[in-house]
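Have a look at the structure below before the remarks.
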Amino acid sequence: QVQLVESGGGLVQPGGSLRLSCAASGSSFSMYTMGWYRQAPGNQRELVARISRAGRTNYVDSVKGRFTISRDNAKNTVYLQVSNLKPEDTGVYYCYAAFLQVDYWGQGTQVTVSS
């Protein structure tokens, strides 16, 4: 069982930045594929960014150039640096981990972009 705890969300003005963190349990973190999804009110959950065990990253087109996903295997943590935020980035951001064909989810952290 993998437990995920997100932090770093909040209220930010358009153009602002945040760093989301997700701490994972387990001794095999370096073997997890990690990622971030988000869900806006009334919308389906969508993949925002993903990072493989080897460190390869991919992003949804709407965040390319503004969001950066990274991982620190020594700290069992994945990060999402979100910059130049727009109101449409508002939503609950969920961390996920994929390991041995099982997906694990965190509880989510709210990001609200508003002036």
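Computed over the Cα atoms of the chain, what is the ratio Rg over Rh, Rh following Kirkwood? It would help to have the intermediate numbers written out before the result.
Working: Rg = 13.3 Å, Rh = 14.0 Å.
Radius of gyration relative to Kirkwood radius: 0.95.
So for 86, 64, what's the accessible-area order with a 1.4 Å probe, most first?
64, 86
Using each residue's phi in the range 17-24, evaluate 6.51 cos²θ - 1.76 cosθ + 1.60 at θ = phi - 60° and report the 3J(HN,Hα) Karplus result to the nearest Hz, with x for Gly and Pro.
In residue order, the calculated couplings are 9, 8, 10, 8, 10, 9, 9, 10 Hz.
Rounded to a whole number, what is D in µm²/s for the range 18-77 from Stokes-Einstein with the Kirkwood radius over alpha-carbon pairs (4 °C, 1.567 mPa s)? Kindly include the intermediate steps, with their values, before the conclusion.
Working: Rh = 12.5 Å.
Rounded, D is 104 µm²/s.
Please give, to one decimal in nm, the separation of the simple spin-label points placed at residue 11 and residue 72, each 7 Å out from Cα toward the Cβ.
Here the answer is 2.9 nm between the modelled labels.
Just how much of residue 50 is accessible, in Å², when a 1.4 Å probe is used and the result is rounded to the nearest 10?
80
If you place +1 on the Cβ of every Lys and Arg, -1 on the Cβ of every Asp and Glu, and leave all else neutral, what size is the dipole of the range 36-100 about its Cα centre, to the nearest 20 Debye? All intermediate terms of the calculation are to be shown ahead of the outcome.
Working: 10 positive and 5 negative charges, 46 e Å.
My answer is approximately 220 debye.
Quick one: the Cα spread of the range 1-42 along its three principal axes, in angstroms, biggest first?
Here the Cα extents, ordered largest to smallest, are 38, 24, 14 Å.
The values are calculated or read from the model by the stated rules, or taken from the named source; none is laboratory data. Every value quoted in this text rests on a predicted model; they were computed, and no experiment measured them. Methodologically, a virtual Cβ is constructed for each residue, glycine included, from the backbone with ideal geometry; neighbour enumeration extends over all protein chains shown. What goes into the accessible areas is simple: the full protein's heavy atoms, side chains included, and nothing from ligands, DNA or RNA. Shrake-Rupley method; radii C 1.70, N 1.55, O 1.52, S 1.80 Å.
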